[in-house]
1. Look at the range 25-78 and say how many of its residues are assigned to a strand (DSSP E or B) and touching a helix residue (DSSP H, G or I) at 6+ places or on another chain (Cβ under 8 Å).
2. How many residues does the range 70-87 contain that are buried (at least 18 other Cβ atoms within 10 Å of the Cβ) and without any contact (Cβ under 8 Å) to a residue 40 or more places away in the chain?
3. Return the only residue of V44, V52 being among the aliphatic types (A, V, I, L, M) and surrounded by 14 or more Cβ atoms within 10 Å (Cβ to Cβ).
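Derivation of every value follows stated rules applied to the coordinates shown; laboratory data play no part. Since the model is a prediction, treat every value here as computed from it, not as a measurement. Counting neighbours? That spans all protein chains shown, and the Cβs are built from the backbone with ideal geometry, glycine included.
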Amino acid sequence: MKKLRVFIIFLLSLPVLSQNVQTDSQIYTPQQLVEDVLIHSDCVSNILVTNVVGGDFGGSDESYGYFDGSGTTFPFSSGIVLSTGRLQHVQGPNTSLSDDNAPGWAGDNDLETILNEPNTFNATILEF
């Protein structure tokens, strides 16, 4: 009975110990994501974001944004996420090829050439 009680207490404490990567699509503009998160150096200047393609979910949903992985076992403390669906669903679980009811958008010619795959879709692009 004592072992069962210890086991139940252990199971109840697991949610407290679990940590998730946090995402935010509103804290940075695409230009700021490149300048302040990806590059983040005084050695590089005059960066210009030339193309942003992603899902149109309406409102504040995007298919790209910032992530914060500090305090987790994720190998990066922060960075940029480019997703094939809604950024808010990056944490998962992701059990299908499509992100819930996300509308489809075009693929990317460069990806199709590199992968030798003529039919890509939902490609989020951040070019600079």
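1. Matching residues across the range 25-78 total 5.
2. Going through the range 70-87 one residue at a time, the tally reaches 2.
3. After applying the criteria, what remains is V52.
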